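In what follows, a single structure is set out as structure tokens and then discussed.
All of the numbers you see were taken from the coordinates with simple rules; none came from a lab. The structure presented is a predicted model; accordingly, all values stated were derived computationally and were not measured. Cβ placement follows ideal geometry from the backbone for every residue including glycine, while neighbour counts extend to all protein chains displayed.
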Amino acid sequence: MLEGDLVMFYHSNTDPGVMGVAKVARAAYQDPTTSDPQWLVVDLVPEQAFARPVSLAAIKAEPGLANIGLIRQSRLSVMPLSPTEFDLILKMAQG
């Protein structure tokens, strides 16, 4: 992730779903809590909270999102979305 990239913020525990959009404020860097070079973090700033979060059930029911990593491999922490998939989730949040 690079500074300025937009990301979607997903809650995975209670009421799983996309809750909003954030912007990358600082590109990926070594996680200071571990020396494992595979662990990276990014700094985010909130951009938009969704008044209506997009639930995991709604994401699974949307054919246009059938190939995103969240559906194929549910234990992912970070995954890419195409611009089309990103825009579709934004549209779903608007109702």
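Suppose the filter is surrounded by 11 or more Cβ atoms within 10 Å (Cβ to Cβ), closer than 29 Å to Ala93 by Cα and within 13 Å of the chain's Cα centre (by Cα); does Val54 pass it? Answer is yes for this residue.
Residues of region 1-55 being farther than 19 Å from Leu81 by Cβ and either touching a residue at least 60 places away in the same chain (Cβ under 8 Å) or in a loop (DSSP other than H, G, I, E, B) (or both), which ones? Those that are farther than 19 Å from Leu81 by Cβ and either touching a residue at least 60 places away in the same chain (Cβ under 8 Å) or in a loop (DSSP other than H, G, I, E, B) (or both): Asn13, Thr14, Asp15, Asp31, Pro32, Thr33, Thr34, Ser35, Asp36, Pro37, Gln38, Trp39. Answer with yes or no whether Ala66 is in contact with a helix residue (DSSP H, G or I) (Cβ under 9 Å, 6 or more places away or on another chain), among the hydrophobic types (A, V, I, L, M, F, W, C) and exposed (fewer than 15 other Cβ atoms within 10 Å of the Cβ). When the stated conditions are applied, Ala66 passes them. The criterion of being outside any helix (DSSP H, G or I), crowded, with 16+ Cβ neighbours inside 10 Å and in contact (Cβ under 8 Å) with a residue 60 or more places away in the chain holds for Leu81.
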